[in-house]
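Down below is the structure, laid out as structure tokens.
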Amino acid sequence: MTDPATTHPKIDTSVPHSARIWNYWLGGKDNYPVDEEAGDAYTAVFPGIVTIARGSRAFLRRNITHLVAEAGVRQFLDVGTGLPTADNTHEVAQRLAPEARIVYVDNDPMVLAHARALLTSTPEGATAYVDADVLDPDRILAAAAGTLDLTRPTALVLSNILGHISDHEQARSIVTRLMDALPSGSFLSINDGSRGVDPDFERAQDAYNESGAVPYNLRTVDQITAFFDGLDLVEPGVVPVTHWRPDAASPAPVLVGEHGGLARKP
């Protein structure tokens, strides 16, 4: 565990940062002019990225709501959490179940610098932050066990993180390792950018990856679905995030190049 009160990572505000750009698209405040410029440049090429970012966050909110209210889950392991905005995992979960316990995992200095915003909790529950890399699942599990009882059902949340792992089989092995450590009745929530839906999005993302920025790899729907192998998918399965149990009062969902799903471990 890293204590954000005593850790002061250096933050470079002279170059755009993917987590801060995503925060900007979500309407957050933890970004700088250089991030806004980069975000605006991306949206000039592909305005739909804002819809994808906000659709992704709404998907996560609906996932967490289902897990708490319908599946009775009270423990969450959120890997690759990114910068805090509205409706973070602990906020959604603890609104419904104050006793919920959440562990966030990230290894980004910018996220670490804002960890205090994540380290809030109801008195009945717990919220903790682990400084670890998604490529090191054993470290993640060992650190998470300090807050979560991993013998009890736990929801593993991987939201827009697996695209940062270029090798698909390596990404699958990491998901498998994390889920193997969780008991029956646990859940896996994944959403990631997808290929085969929106050519404009794919061109914009490919150009972003070739710019020298940290790449984010889009995957086919079949590849995203394969992360859930051996688990029982919750209806409606792996679908565009805007189509996963949309709110009844919302307008008709648009089709986006971002797919997600939720599945239970038998």
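The values are calculated or read from the model by the stated rules, or taken from the named source; none is laboratory data. Every value quoted in this text rests on a predicted model; they were computed, and no experiment measured them. Backbone-built Cβ (ideal geometry, glycine too); neighbour counts: all protein chains shown. Only protein heavy atoms, including side chains, enter the accessible area calculation; ligands, DNA and RNA are left aside. Shrake-Rupley method; radii C 1.70, N 1.55, O 1.52, S 1.80 Å.
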Result of the Cβ filter at 6 Å on the stretch 76-96, keeping first residues that are open to solvent by less than 10 Å² (accessible area, probe 1.4 Å) and partners that are part of a helix (DSSP H, G or I) and basic (Lys, Arg), at least 6 apart or interchain, is Val92/Arg61
Among the residues of the stretch 68-98, write down those that are out of contact with any helix residue (DSSP H, G or I) (no Cβ under 8 Å at 6 or more places or on another chain) and part of a helix (DSSP H, G or I). Glu91, Gln94, Arg95
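Out of all the residues in the stretch 143-157, is one or more in contact with a Gly (Cβ under 6 Å, 6 or more places away or on another chain) and more than 20 Å from Asp192 (Cβ to Cβ)?
Taking every residue of the stretch 143-157 in turn, at least one turns out to be in contact with a Gly (Cβ under 6 Å, 6 or more places away or on another chain) and more than 20 Å from Asp192 (Cβ to Cβ).
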Flagged pairs (Cβ under 6 angstrom, 6 or more apart or on separate chains; first in the stretch 230-259, under 22 Å from Thr220 (Cβ atoms) and open to solvent by 60 Å² or more (accessible area, probe 1.4 Å); second modelled with pLDDT of 95 or more and among the polar types (S, T, N, Q)) are Val254/Thr242
Filtered residue count, the stretch 149-182, keeping only those that are aliphatic (A, V, I, L, M) and not in a helix (DSSP H, G or I): 9
Checked the stretch 66-99 for anything of a type in the set (Gly, Ala, Ser) and more than 25 Å from Ile21 (Cα to Cα); matches are Ala69, Ala71, Gly72, Ala93, Ala97
Can you spot a residue in the stretch 192-199 that is without any contact (Cβ under 8 Å) to a residue 24 or more places away in the chain and either part of a helix (DSSP H, G or I) or open to solvent by less than 30 Å² (accessible area, probe 1.4 Å) (or both)? yes
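Name the single residue that is nearest to Ala97 (Cα to Cα) among those in the stretch 119-148 being assigned to a helix (DSSP H, G or I) and open to solvent by 60 Å² or more (accessible area, probe 1.4 Å).
It comes out as Ala142.
Could you tell me how many of the residues in the stretch 151-184 are among the small types (Gly, Ala, Ser) and open to solvent by less than 10 Å² (accessible area, probe 1.4 Å)? Let's see the steps before the verdict.
Residues of the stretch 151-184 that are among the small types (Gly, Ala, Ser), as a first pass: 155, 159, 163, 166, 171, 173, 181, 184.
Next, from what is left, pick out any that are open to solvent by less than 10 Å² (accessible area, probe 1.4 Å): 155, 163, 171.
Counting residues in the stretch 151-184 that are among the small types (Gly, Ala, Ser) and open to solvent by less than 10 Å² (accessible area, probe 1.4 Å) gives 3.
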What residue, of Pro123, Pro84, Pro98, is touching an Asp or Glu at 6+ places or on another chain (Cβ under 6 Å) and within 26 Å of Ala69 (Cβ to Cβ)? Pro98
Kindly list the number of the only condition in (1) modelled with pLDDT of 95 or more; (2) part of a helix (DSSP H, G or I) that fails for Tyr208. (1)
Name the pairs whose Cβ atoms lie under 6 Å apart, with the first residue in the stretch 211-229 and surrounded by fewer than 19 Cβ atoms within 10 Å (Cβ to Cβ), the second among the charged types (D, E, K, R) and assigned to a strand (DSSP E or B), and 6 or more positions between them or separate chains? Thr220/Arg195
